[in-house]
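The values are calculated or read from the model by the stated rules, or taken from the named source; none is laboratory data. Everything numeric in this text was worked out from a predicted model, so none of it was measured. Quick reminder, even Gly has a Cβ in these numbers, built from the backbone with ideal geometry, and neighbours come from all protein chains shown. Ligands, DNA and RNA are excluded from the accessible area calculation, which covers all protein heavy atoms including side chains. Shrake-Rupley method; radii C 1.70, N 1.55, O 1.52, S 1.80 Å.
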Amino acid sequence: MRLGVLDIGSNTVHLLLVDAHPGAQPVPFASHKRPLSLVQYLEPDGSISDEGQHELTEFVLEAWEFAARHKAEDLLAFCTSAIREATNGPAVLARVKHETTVTLQELTGSEEASMTFFAVRRWHGWGAGPILNLDIGGGSFEMAFGQDELPEVATSVPLGASRLTRDWLAEDPPSAKSVKELRRYIRATLKPAVREFDGLGRANVVAGTSKTFRSLARIAGAAPSAEGPYVKRELHASDLGIWTQRISAMSSEDRLHLPGVSEARAHQLLAGALVAEAALEMFKFKKLRICPWALREGLILRRLDQLVFAGPLEPAPHVAASRPVDAAV
């Protein structure tokens, strides 16, 4: 069957279509995405502006049409921290529902961390032992630890790369003072979150699941994405420290010359590096392993597991009629 996952993130809005069935690895069929930093559309009162809401609604309509054109049988539509933490989040979801008929399921930070961990566990398998997963998004930073398919502890803090860049790194390149202040803020915010993991034991695998971690690993010498998902990619704390210092002295334009850095993410690369550096230091690990599966794959796999017990799906409305599908997780 063909499943669609519509991911409304803080940096991008992304529809992924996969061909999958229970017990099999999901195989990507097609993808449709657009850079859309909802964090940049936040008003001083924390609400998403009308312009940001319009851009979001337009993409959701595009995504539905794309899914219908490619005969997706099921559509999981969800949003994360950008809408979750906006002061007008419920109104934004209601507008999207009214104008597109697509229901965006709002994931809590804990749910986001848990479903990402679930994907990492499926990728690495039981042989990996206890796993600590770290995921730096645009609006938040998720952490999860566990020995089973779902984590024992899953938490989220507002340390997304886009959010931190907007709030702390106004200059380009940033001043040494602003970088120092941001380092201090990141550690102060992380300290109580890291304490939640005390007494759980030591992770056998530390995984990184986000575009930020993939970009940092690529800059530090990891294989490019063109070599496929099965190539082992690691990010070492020692390399990360060196590159964080270098990036802090570079403008966004200069960062574009680094391998694996896109124009949409160049400006927030330093903030992401500072979060990654602090996390490895505070969890006391010297390296992490890049995992190609993350939140979208976790939701797909969870949906497939549900089908094992619930039976096959009825055809989605858009298969037989040309009207938007009412999608929900």
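None of GLU85, GLU111 is open to solvent by 60 Å² or more (accessible area, probe 1.4 Å) and farther than 17 Å from ASP50 by Cα except GLU111. If you check ILE219, ILE186 for being in contact with a Phe, Trp or Tyr (Cβ under 8 Å, 6 or more places away or on another chain), crowded, with 18+ Cβ neighbours inside 10 Å and not basic (Lys, Arg), only one passes: ILE219. Among the conditions (1) closer than 16 Å to VAL102 by Cα; (2) open to solvent by 10 Å² or more (accessible area, probe 1.4 Å); (3) touching a Lys or Arg at 6+ places or on another chain (Cβ under 8 Å); (4) not aliphatic (A, V, I, L, M), the only one that THR57 does not satisfy is (2).
Can you confirm whether region 147-167 contains a residue that is of a type in the set (Gly, Ala, Ser), more than 23 Å from GLN40 (Cβ to Cβ), in contact with a strand residue (DSSP E or B) (Cβ under 9 Å, 6 or more places away or on another chain) and not in a helix (DSSP H, G or I)?
Of region 147-167, the ones of a type in the set (Gly, Ala, Ser) are 154, 156, 160-162.
Retained after the next criterion (residues that are more than 23 Å from GLN40 (Cβ to Cβ)): 154.
Then keep just the ones that are in contact with a strand residue (DSSP E or B) (Cβ under 9 Å, 6 or more places away or on another chain); that gives 154.
This time we only want the ones that are not in a helix (DSSP H, G or I), so: 154.
Looking through region 147-167, at least one residue is of a type in the set (Gly, Ala, Ser), more than 23 Å from GLN40 (Cβ to Cβ), in contact with a strand residue (DSSP E or B) (Cβ under 9 Å, 6 or more places away or on another chain) and not in a helix (DSSP H, G or I).
Residues in region 44-101 that are touching a strand residue (DSSP E or B) at 6+ places or on another chain (Cβ under 7 Å), farther than 27 Å from ASP167 by Cα and not in a helix (DSSP H, G or I): HIS70, LYS71, ALA72, GLU73, ASP74, LEU75, LEU76, ALA77. Among the residues of region 18-30, those that are farther than 13 Å from GLU297 by Cβ and in a strand (DSSP E or B) comprise ASP19, PHE29, ALA30.
Please go through region 277-329 and pick out each residue that is more than 30 Å from LEU200 (Cα to Cα), in contact with a Pro (Cβ under 6 Å, 6 or more places away or on another chain) and modelled with pLDDT of 50 or more. I'd like the intermediate steps shown before the answer.
Applying the first criterion (more than 30 Å from LEU200 (Cα to Cα)) to region 277-329 yields 307-329.
Now narrow it down to the ones that are in contact with a Pro (Cβ under 6 Å, 6 or more places away or on another chain): 307-308, 325.
Across region 277-329, the qualifying residues are LEU307, VAL308.
Filtering ALA237, ALA207 for residues that are aliphatic (A, V, I, L, M), open to solvent by less than 10 Å² (accessible area, probe 1.4 Å) and in contact (Cβ under 8 Å) with a residue 40 or more places away in the chain leaves a single hit, ALA207. Does region 47-59 contain any residue that is in contact (Cβ under 8 Å) with a residue 60 or more places away in the chain and under 25 Å from GLU297 (Cβ atoms)? No, every residue in region 47-59 fails to be in contact (Cβ under 8 Å) with a residue 60 or more places away in the chain and under 25 Å from GLU297 (Cβ atoms).
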